[in-house]
1. Scan region 1-48 for GluC sites (Glu not before Pro) in coil per DSSP, keeping those whose Cβ has at most 14 other Cβ atoms within 10 Å, and list them by number.
2. Gain in length, H183 to D50, computed as 0.36 nm per residue apart minus the alpha-carbon separation, to one decimal in nm?
3. List, in the order given, every pair from K10/K63; K37/K63; K61/K125; K87/K116; K59/K112; K94/K173 whose Cα-Cα distance in the structure shown is over 23 Å.
4. In sequence order, what are the phi-derived ³J(HN,Hα) couplings for region 120-128 according to the Karplus relation 6.51 cos²θ - 1.76 cosθ + 1.60 with θ = phi - 60°, rounded to whole Hz, with x for glycine and proline?
Amino acid sequence: MCEKEYILSKDTLNTIYEHVFESETELCSYLELKSGKELKIIVDLLQEGDVTTGRKTCKNKGKSSGFLYHSHPFSSRSYPSTEDIVKVLKYDFKVSIIATRWGIYTIKNPIKQKIKEDEVDYYLKKILKNVDVIGRMENKKGFLAEKYLNPEDFKGDFHSKYYIKTLTDDEIKIIRDELENIHRFTKLTLNFCPWSYLLR
């Protein structure tokens with residue numbers, strides 16, 4: 001991965017890639033730490049996300065390992081939601097790994113800061129500005145996709161199940177700049193690694 005503290009093995013990366021490009025639904029689990037730095041999916045705890053208010057969300061089962069994982073399928077957004085980010089501030093997760101059709105995001109809470117329930121809305125609104133900047137790159141039209149995409153949407157600049165667009169250096173910089181802005185506000189450590197790097 002592009003961040004140095006944790007490693008995903010080639011087998012785990014291939015499994016995660018399949019979750020994004022071969023599944024039509026969000027998949028959720030915990031990861032376990034193996035041999036110091038390597039994270040592996042706890043397969044026995046893997047499950048589909050639940051639909052809540054029209055969106056799929058993860059309600060992980062089993063005892064938390066402190067390492068959270070979920071995928072955004074190819075028909076979903078290519079970036080973490082505000083709720084994905086705030087979850088790491090709200091609960092006792094050391095790391096959250098989110099796999100999308102652009103690549104993998106890692107969110108860490110190094111200082112173990114936890115926010116209170118009455119602060120959640122404030123954090124969601126503040127982070128949304130940065131997440132929206134990333135979201136506007138999804139279709140190059142300057143607006144956000146508010147729904148899961150359909151096969152007919154995969155044309156032009158959209159990524160498809162069969163095609164991973166290599167992000168330009170400028171696009172990767174925009175993503176990383178916005179993640180850095182979120183870091184300044186939340187003190188979370190956020191990283192993004194594109195598939196073009198992960199699969200080479």
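1. Working: sites: E3, E5, E18, E22, E24, E26, E32, E38, E48; in loops: E3, E5, E22, E24, E26.
Listed in order of number, the matching sites are E5, E22, E24.
2. On the way: separation 133, 0.36 × 133 = 47.88 nm, distance 2.86 nm.
Between H183 and D50, full extension yields an extra 45.0 nm.
3. Numbers: K10/K63 26 Å; K37/K63 20 Å; K61/K125 28 Å; K87/K116 11 Å; K59/K112 21 Å; K94/K173 25 Å.
From the list (K10/K63; K37/K63; K61/K125; K87/K116; K59/K112; K94/K173), the Cα-Cα distance tops 23 Å for K10/K63; K61/K125; K94/K173.
4. Taking θ as phi minus 60°, the curve returns 4, 4, 4, 5, 4, 5, 5, 6, 4 Hz for region 120-128.
Every read-out reported here was derived from the displayed coordinates using simple, explicitly stated rules and does not represent laboratory data. Keep in mind that what you see is a predicted model, and the values were worked out from it rather than measured. Glycine also receives a Cβ, built like all others from the backbone with ideal geometry; neighbour counts cover every protein chain displayed.
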